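Okay, so here's the structure we're looking at.
The values are calculated or read from the model by the stated rules, or taken from the named source; none is laboratory data. Bear in mind the structure is a predicted one, so any value in this text is a computation, not a measurement. As a convention, Cβ positions derive from the backbone with ideal geometry for all residues, glycine included, and neighbour counts pool all protein chains shown. Only protein heavy atoms, including side chains, enter the accessible area calculation; ligands, DNA and RNA are left aside. Shrake-Rupley method; radii C 1.70, N 1.55, O 1.52, S 1.80 Å.
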Amino acid sequence: MADAGLTYGYFPGCSQKGSAREYEMSLLKVAGKLGIDLKEIDDWSCCGATSAHATNHRLANALAMRNMLLAEQQGLETLVAPCAACFNRLITTKAECRNHPESKKDVEELLSASVSNTTSILNVIDLFDKASNGLIGSGRVRDMKGLKAACYYGCLLVRPPELIDTDDSEQPDSMERIVKATGADVVEWNYRTECCGAAHSISRRDIVVDLSKRIIDDALMHGANVIIVACPMCHTNLDMRQRVMRRMYPSHKEIPVLYLTELIGLSLGFTESELGIDLHYIRFNMPNEIMNQTAQA
Amino acid sequence: MKNSFRNGFHVLQPGFGPAAPAKTASDEVYPNAAHSYIAKEVAAKTFQDVNLCYQCGKCSAGCPVRDYMADSPNKVVRFVQLGLEQAALNSTTPWLCAGCLTCSTRCPNDFNLAKFMDAVREISIEKGVKTKEKEISSFHEAFLRQVRLFGRSYEAGLVADYKLNTLRLLQDVDSAPGMILKGKLSVLPHKVKDRKTIKNIFGKTTHKKKRNG
């Protein structure tokens, strides 16, 4: 259960202020409604993302740790990082500094400050599955039945297993539990934890289109009518890149891709535009069953 | 949590198991492979011994980008095990690695291959080796330039910087107007107030590029 009065630090990450702004819109709406207090870290900076850890590990550690240090200084013990990549950078740096004193010393020198390295980091699945378990069901005003959701975890919410408190890194079901709480059905499918190509989105678009198309086709083959994600990079690759898929493969069948927070928001009664669902490239149409409930209400 | 048999069980005691095979001619080619520059450098950056890998190939079997690589991921590990520095540093495999961690999760001997790839890529940058995957390296450079300047990633600046550096001026040109209309590509950067700290971090960590060798 969410602890009443507990304030979570909120680390938005760069995408939440730009290409994934509907993720932030929906997260803040949902958190507000469920009484989860999120306080944005003052003066947060980029976690370094793939580009830092792929080319310079000291830079990557320092950039990620700067934000955990700010959280410490601002009295925030638990941080919510909705972006899967930011979440993963933070937990990886935290673990490296915990396990290797020389890395911690280096980071402290780079930041000219000492760090206690005790901030807990949550992703949105942790937030809604563990920290606020049960809240969605009690706040629900709309039953999302009629939606057949393919829950897509991607990579960075389930791996590496030694750092992530997941039920099973190959066959997780925490996102399914949250989706079921909204009343939606979940489909069994194969590509839940396969990679979408992530940061190659711009530099090797060909790879990303291939990998993302396989994910989409598998979801469709198993009867899904919506894909649920919790990562801005996955969303870009699965939603925006369907325009390229449509050009390359005329037979491509489209499927809308929603953020987990948008689905929760719909079940809590928010409209599509309040949650930013109209900002997606692939249009999301609510199934008739849900529309009829709204008409009756 | 993953079950591991690393906790002492597989550390064979002297006299246990079959005797080591006699040295062959090929062993003499790389007499101190495990102590080669590249193996030591990788170990220092990753806190793990490259010889943990016993070349079962499970990483490559599950790698989502294996189809696009000339060298399989475990082959690059082999290069480093053998001390074949140039082969490892010139391979495009580390650049194509998407960092999805599937290999690191599935490795039966707990070798963190994604971390290994990060280290090989970083060493190749330190040594000034130019990768043939120019688009990927240009993207990372452009991304980090935005972070260095503003403290956050500035997507419009990133795209412009990347396009000018790769001369891929027309790719995705149809996406940009839609993104701006949707408010997804902000025209101005969000700046961090304490840019001094960010500048400092970059100043102290940026690799001084050396000539190859």
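Ballpark to the nearest 100 Å², how much total accessible area do B and A bury together, probe 1.4 Å? Walk me through the numbers before you get to the answer.
On the way: alone 14230 and 13290 Å², together 21990 Å².
Buried surface at the B/A interface: approximately 5500 Å².
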Value of D in µm² per second that Stokes-Einstein yields for chain A, Kirkwood Rh from Cα pairs, at 25 °C (0.890 mPa s): 125 µm²/s
Where Cα atoms sit under 23 Å apart: lysine pairs in the range A:95-213 separated by 8 or more or lying on different chains: 4
Computed FRET value (nearest 0.05) for B:T206 with A:T7, which takes r as the C-beta separation and R₀ as 51 Å: 0.90
Carbon plus sulfur fraction of accessible area for the range B:134-199, probe 1.4 Å, in percent: 64 percent
Furthest towards positive pole of dipole, B:F150, B:Y162, B:L101, structure part the range B:94-191, Cβ charges: B:F150
Per-residue mean of C-beta atoms belonging to partner chains within 10 Å, peptide A:198-209: 6
Furthest towards positive pole of dipole, A:A199, A:Y153, A:G134, structure part the range A:107-199, Cβ charges: A:G134
Amide H within-cut-off set for A:E194, under 5 Å, with H built and near neighbours excluded: A:G154
Other protein chain Cβ atoms within 10 Å, averaged over every residue that makes up B:198-205: 6
Averaged over A:40-52, number of beta-carbon atoms from partner chains that fall within 10 Å: 6
Pair-distance profile P(r), taking every C-alpha pair of the range A:139-296, with 5 angstrom steps and integer %: 1, 9, 18, 22, 20, 15, 9, 3, 1, 0
Accessible area of the range A:94-144 belonging to carbon and sulfur atoms, whole % at 1.4 Å probe: 47 percent
Computed [θ] at 222 nm, helices only, for the protein assembly as shown once each DSSP H run of length n ≥ 4 contributes -39500 (n - 2.57): -13000 deg cm²/dmol
Distance violations [Cα-Cα > 22 Å] among B:K127/B:K191; B:K45/B:K127; B:K40/B:K127; A:K17/B:K193: B:K127/B:K191
Zero-based 5 Å bins, Cα pair distances in the range B:78-211, whole percents: 2, 9, 14, 16, 18, 15, 14, 8, 4, 1, 0
Burial order of peptide ranges B:191-197, A:20-26 (average beta-carbon count within 10 Å, highest first): A:20-26, B:191-197
Reachable lysines, given that their alpha-carbon falls under 22 Å from the alpha-carbon of B:K132 and they are not under 8 places away in the same chain: B:K75, B:K115, B:K163, B:K208, B:K209, B:K210
About the Cα centre, charge dipole magnitude for the range A:139-296 (Lys/Arg +1, Asp/Glu -1 at Cβ), debye: 620 debye
Zero-based 5 Å bins, Cα pair distances in the range A:13-97, whole percents: 3, 14, 24, 24, 19, 10, 4, 1, 0
Average accessible area per residue (Å²) across the range A:7-124 - probe 1.4 Å, nucleic acids and ligands excluded: 31 Å²
Label point distance in nm, B:N90-A:K39, each placed 7 Å from Cα along Cα→Cβ: 5.7 nm
